[in-house]
Structure formats: structure tokens, C-alpha cells
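Notes to accompany the following structure.
Please treat every number below as a calculation from the coordinates, not as lab data. As the structure is a computational prediction, the values presented were derived from the model and not from experiment. Neighbour counts are summed over all protein chains in view; Cβ atoms, including those assigned to glycine, are modelled from backbone coordinates with ideal geometry.
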Amino acid sequence: MVAEQFTAAAAQVEPVYHDKEGTLEKTCQWIEKAGARDVDVLVFPETYFPGYPYWRGCSIDRWTELMVDLQKNSLSVEDDALEILGETIDEADCHVVLGTNERSERPGSETLYNSLFFFDRSGDLVRRHRKLMPTHGERTIWGRGDPSTLDTHDTDVGRMGGLICYENHMTLPKGALAAMGEEIHPAVWPGFWEQHGHPGDKSKATDLEAVDTCDQYPAMREYAFETQSFVISSSAYVSDDVLEDWDEIGFNIAAGGSMLVNPAGIVKAGPVLNEETLLVAEFDRDERRATKAYFDALGHYARWDAVNLNVSDAELEPFVTDGHPPAREPSASTVAEIADEHDLEVETVESIADALGSR
């Protein structure tokens, strides 16, 4: 049974910059704060763990030093830190979406990805999403994510998707998540900015007049309306004092700017600038129903005969079998949907999938 009401929160929290252990401790503290306020879904900003690389355009010698340091302080899905996070999340009883620099678990690789880790209420890591296309100078930091990580999963408060920064401007991935039934949309960003004519000419937002030029503000409202999703937009905040201690910081936009938006595109909380905060709002599924009565992107306002999508779920692997990559195991939600549609037992569908995968 999906809850009719839920509490959403954006953790606009300053990481202990480039410090894995310090950031882990602080993350747990803010998860505990969210639990004390009965938050159901908590979202941390883009690469909150252990901080966005605002130094990405520095000199090559300094870049190499900082990349090695970032590799050492990033998370992987096999990291012991996930057990500590899981225990804290379990006690807080909330779903957590953690923006992180992710170190590849593939043997032989040290590549980093800009990722979202999705934890359920029990603290289990149920899914990850890797940013499909790092933006501009970010391509010197992170690899490109596999198509398979563009996905959704079911929770007790609704089906959850999620995108990272400029992915929220990518028309077709947005449509793909909508077609997957997304209801709750975590969106994460590296800050909030004033834009001066074009995306390459921006500066850190100093006050809320920035909403007039920052693409993020209308993007989050439009995302909510066009997909009828509850949007939890979590944006990075790092104080100037912290970044001043790091030489060659040339891209300081860490102003925060988190906001919570209902499916009608109405901002229910935020944006909040230049401070740490746990931004909280209450959502009701009737807000979504009322919007869909006018504009249902997956129903009466869709024309799939005119426009439709071809979505890949491939995992990019170094080995192939008979000219094809290894088959991807279907998600639990996909198996359940197939079983329900064809009136089969879940175990039957899993057996068929296993047999096909071994061929």
C-alpha cells in the first residue's frame, strides 16, 4: 500500500570537503535529524560525498593531486561506509538518496562516476544511478554512466526516479523516467547561480533575485508539472571559508538553492541560499491526482502514436558472449509487473529470465 501523504526533505548540508570519514560522520548526523522529524524521503546534493570538484579547471599538476585525493575519499558500492550508513538509515526509518563521487568496483578500474545511491528504509542499497553525460569540464573528472542506471524503483511512498544536474534538462531521459511511472523525483545540483547571457557565464547566487536567470528554478517547476512528479531538488552548499582553503578553486557556485515542488509546479519550500538547512515539506498524492486530471503525461495527454521512445537498459561490460554483452537481470519491480500482467508466480518469471540469460 502506497502512503497518501509523505514528508520530503532536502539535506542542504556542507560536506567535510575531500574527507571521507568526516563526511560519513556528518551524513549520519543529518540522517538522524531527518529521522527525528519523521522524514520519509531525504535527498543529499550532487556529489555531496565528499564534495563537488569546484577545482576541476585547475592546473594539470594540481588536478592530478586532487583527483588522486578524490579517488581515495569517494565511495564504492563495496565500501564499508555503506554498512554504517545503512544502520543509521534503518534507525531513522527513511528512504535516503545520496549524491556521491562513486569509485568503480570493476576490478582494475579507478574511474569515478557522478552517482546517486538509493537506500530503502532498512538501509539497503537498492539502486544507483550514474550521470549519463558529465557536463563540460566535468568530463575530466567522471566517466559516463551505463544506460541501465536510468531507472526507477518502488517505495512505500511512490515510485522513485532521479537525475543529476543537467540531466534534468535532457528531454528524452525525462520522458523515459515518466514512462517508467516515476512519481517522486530526486534532483541534485552543485549549487545555485546567476547566469549572465549563457551557461558558461555564471556566478554564485547571492540572493533570491537569481531565480530570474538561474535555469535550475524554472527547470524544477517544469519537471514537476510536465511529469506530474513530486520534485525534491537538493543543491550543494559549501561556505566560502571552506573553499578559500583550497587553491585554484575557479568554479564556486556552492550557494545551495534547494527546493521542494509539487506536481502542479508549485514551490512548497525554498529555494534557500547560502546556509545549511534541512528543507522539509509535506506532500499529498491528491496534489498529483488533481494535476493529472488536467494533464496526464502517461494517459489522456499522451500520443504515443505520434512520439515514442527507444530506451536502452544495457550494462557496458568488457566481455561479450556470442557477440552480445551479458544479459542484465531484470529488477524486482519489473519481475513483479510481468508476473502480474500475465497472472504468473514471481518465481516462474525469475526462472524464465534465468533460462534466457544463460542461453
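Exposure proxy ranking for VAL311, VAL96, VAL349, based on other Cβ atoms within 10 angstrom of each Cβ and starting from the fewest, stands as VAL311, VAL349, VAL96.
Rounded to the nearest 500, the helix-only mean residue ellipticity at 222 nm of the chain stands at -8500 deg cm²/dmol, with each DSSP H run of n ≥ 4 adding -39,500 (n - 2.57).
Considering amide H positions built from the backbone, and no H for Pro or chain starts, which residues 5 or more places from THR135, or on another chain, come under 5 Å of its amide H? Result for THR135 returns nothing.
Excluding GLY181 itself, calculate the net charge of residues whose Cβ lies under 10 Å from the Cβ of GLY181, where each Lys or Arg counts +1 and each Asp or Glu counts -1.
Working: positive: ARG159; negative: ASP154, GLU182, GLU183, GLU337.
Net charge around GLY181: -3.
Cross-link partners for LYS72 among the lysines, with Cα-Cα distance under 17 Å and sequence neighbours closer than 8 places in the same chain left out: LYS20. Could you calculate the FRET efficiency of GLU337 with GLU110 from 1/(1 + (r/R0)^6), where r is the beta carbon distance between them and R0 is 51 Å, rounded to 0.05? Given R0 = 51 Å and the Cβ-Cβ separation, E is 0.85. For the residues VAL267, VAL77, VAL320, a GNM of the chain with alpha-carbon springs under 10 Å puts the largest fluctuation on VAL320. Based on alpha-carbon atoms, the Kirkwood radius and the radius of gyration of region 73-209 give Rg/Rh equal to 0.99.
By the rule of a C-alpha distance below 23 Å, with chain neighbours fewer than 8 residues away ignored, the lysines paired with LYS174 are LYS131, LYS268, LYS292. The translational diffusion coefficient of the chain, from Stokes-Einstein at 37 °C and 0.692 mPa s with a Kirkwood hydrodynamic radius over alpha carbon pairs, comes to 156 µm²/s. Under a 5 Å amide H cut-off, with hydrogens placed 1.01 Å from N, PHE192 pairs with ALA205, ALA255, GLY256 among residues at least 5 apart or on other chains.
Starting from the Cα-Cα distance between GLN71 and LEU344, subtract it from 0.36 nm times their residue separation and give me the gain in nm to one decimal. It would help to have the intermediate numbers written out before the result.
Numbers: separation 273, 0.36 × 273 = 98.28 nm, distance 4.54 nm.
Difference between extended and current length: 93.7 nm.
The chymotrypsin sites (Phe, Trp or Tyr not before Pro) found in region 217-316 that occupy coil by DSSP, while having at most 12 further C-beta atoms within 10 Å, are TYR294, TYR301, TRP304.
By DSSP, the beta bridges lying fully in the chain are antiparallel in about 70 percent of cases.
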